[in-house]
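Each remark here refers to the structure printed beneath this line.
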Amino acid sequence: MKRIWIAMIVGLIMASCGGNSSGNDPIPAPPTPTNEDVKVTDNDLVSYFNLDKTKYVYQAIETLTAQTSAKIVNAKTIEVLSTSIQERNDSEGTFKVLVSGKIQNKPFSHTITYTGFAKKPSDYDMSHRLSVKWKNGVDYQTQFDFDTLYRLKKNEKYTAEYLSQFIDIEVLEQNSQNVYKYTVDDLAKLQISNFEFKNGRGTGTLTFVVTYNGNKGYVGSGTYAQPALAFDKNAYYASKFELKKDVVAQYYMRGVYENAQAFYSSFFDYDRAVFAPILKSVDKSDSQNTLSLTIELQERNGSENVLATFTKDVEGFKSLSTLATELVLSTTADLGAYMGKRFRTAADGDLLAKVKALPIQNWIKNVHFSLKKANGYLDLEREEVRMSNGNYLAPVWKATSNRGSDLDAYFLNPRFEVVEAKKEGIWLNLKVKLLQVNEVALNDVVLPLRIHLIENS
């Protein structure tokens, strides 16, 4: 009986252990570690950051510090919350970093040392194999202080710290395709000297000599050229002249074109104590209602020293369509006598056909023109001028005043059409459409003209 009980006990034990199970039975998974059992390892963090060992230390650090999301690494959920560089040796391609975060939602802090990254170029390469370029996204043509260097002839401010706002410095190692970018630490070891501007046929160049950690770079040009940056002094000084759109909007373009000397300087906001702009030429676009002013910029110190020559586009002038509310046509004695002779005794009513039968150039010259201004009405006088092609004379109505602000009133060779004519007693009421003026076609300017029909004696 005792043997039977022993046999039964052994059978139960074997059954609980799988007994004679086949090789196809599943292998039991290892027990899932609890949060208390999970530790972060170097291998975990290496996998988490996945840094490229062909890069330089500064590049690796930039990649590392930018990663803060939660990732599953080696069956662990790791979230990096902060990184702190403890040590770095760019020349040897190593750095040590303290990483803090959560693993399986449990806080951790772990220090890992990285090795094997690309080694920083030598001090010689840092001073001799560098290239400089303007930073992307930086408007150096306006923000860089060129005036202190060029006009004031002072170069003390152009230090590595100042230039770092505008330029990137890169180094191409000998026998390497790796490009090393100057870091903040590198800039602290960099000295700039002989900073100057050299004029060119188009844009000029800013040149300088570098000394890195006591190693002086190239001085000169050609194969062993010192660093150089293209710079357009004309564009720079042009940026110092900001168009005052609110002022431009007060004037008609064509009159400004004809009297540009009276207007051009008032269109810009600039340092009048420093700069003296001299107008060299002016071009117009009637279709675009714009001007292009070529300006020679001199110092305002009596030296007549020319700093730059540039062209500024001026836009935003009054549209000629504004004449619909600003141009006023009025009767005169000569006009009243001319129309009175023909229509004083005519029956009241529609006279459009009869008025249109009269050549408009025969009587429009007798109309009084005036222009509505902020301070009242400006009288216009008729004059004949030679057209730009020189082939014929054309009438122009322009300001009788010599005041500079009135000289935009210049309306060349206007063409009119009578679109309505009604007689009411001794009055002939017309609507006159302005078809063209200043060599620009119009279709929305219709002006009233009330003519007193004078009885002929």
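The values are calculated or read from the model by the stated rules, or taken from the named source; none is laboratory data. Values in this document were obtained by computation on a predicted structure and should not be read as measured data. Cβ coordinates were reconstructed from backbone atoms using ideal geometry, including for glycine residues, and neighbour counts include every protein chain displayed.
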Note to self: Name the residue that is modelled with the lowest pLDDT, counting only residues in segment 363-391 that are closer than 15 Å to Pro414 by Cα and not in a strand (DSSP E or B).
What the structure shows: Met387
Notebook entry, point to check: charged (D, E, K, R), outside the structural domain of Gln191 (by TED's automatic domain parsing) and at pLDDT 95 or above: does that describe Lys96?
Noted result: yes
Margin query: Which pairs turn up if I take residues in segment 129-154 that are farther than 24 Å from Ala308 by Cβ and look for partners that are of a type outside the set (D, E, K, R) and surrounded by 14 or more Cβ atoms within 10 Å (Cβ to Cβ) with beta carbon separation below 6 Å, at least 6 apart in sequence or on another chain?
Written below: Arg129/Val171; Arg129/Leu172; Leu130/Ile169; Leu130/Val171
Next item on the list: Please give the number of the condition Met126 fails out of (1) assigned to a helix (DSSP H, G or I); (2) exposed (fewer than 13 other Cβ atoms within 10 Å of the Cβ).
Entry: (2)
Margin query: Val396 - would you say it is surrounded by 12 or more Cβ atoms within 10 Å (Cβ to Cβ), in a strand (DSSP E or B), within 41 Å of the chain's Cα centre (by Cα) and not assigned by TED's automatic domain parsing to the domain that holds Gln288?
Written below: yes
Next item on the list: Mind listing just one residue for me: the one in segment 183-223 that is hydroxyl-bearing (Ser, Thr, Tyr) and free of Cβ contacts under 8 Å to residues at least 40 places away in the same chain and, of those, nearest to Arg129 (Cα to Cα)?
Entry: Thr223
Notebook entry, point to check: Which of the residues that make up segment 420-436 are surrounded by 13 or more Cβ atoms within 10 Å (Cβ to Cβ) and in contact (Cβ under 8 Å) with a residue 40 or more places away in the chain?
Noted result: Glu420, Ala421, Lys422, Lys423, Ile426, Leu428, Leu430, Val432, Leu434
Checklist line | Unique residue being modelled with pLDDT under 95 and under 30 Å from Asp123 (Cα atoms) when the list is Tyr212, Tyr224 | finding: Tyr224
Item checked: Residue list for segment 281-315, restricted to those being buried (at least 17 other Cβ atoms within 10 Å of the Cβ) and not in a strand (DSSP E or B) -> Asn289
Margin query: Among (1) exposed (fewer than 15 other Cβ atoms within 10 Å of the Cβ); (2) more than 30 Å from Ile295 (Cα to Cα); (3) touching a residue at least 12 places away in the same chain (Cβ under 8 Å), there is one condition Glu242 misses while meeting the rest; what is its number?
Written below: (2)
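Report yes if some residue within segment 334-341 is acidic (Asp, Glu) and under 30 Å from Asp408 (Cα atoms); otherwise report no. First the steps, then the outcome.
Step one: list which residues in segment 334-341 are acidic (Asp, Glu), which gives 334.
Retained after the next criterion (residues that are under 30 Å from Asp408 (Cα atoms)): 334.
Among the residues of segment 334-341, at least one is acidic (Asp, Glu) and under 30 Å from Asp408 (Cα atoms), which makes the answer yes.
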Item checked: Index of the failed condition, Gln177 passing every other in (1) touching a strand residue (DSSP E or B) at 6+ places or on another chain (Cβ under 9 Å); (2) surrounded by fewer than 14 Cβ atoms within 10 Å (Cβ to Cβ); (3) within 30 Å of Thr54 (Cβ to Cβ) -> (1)
Notebook entry, point to check: Applying the selection to segment 429-457, what residues are outside any strand (DSSP E or B) and at negative phi?
Noted result: Leu442, Asn443, Asp444, Val445, Leu453, Ile454, Glu455, Asn456, Ser457
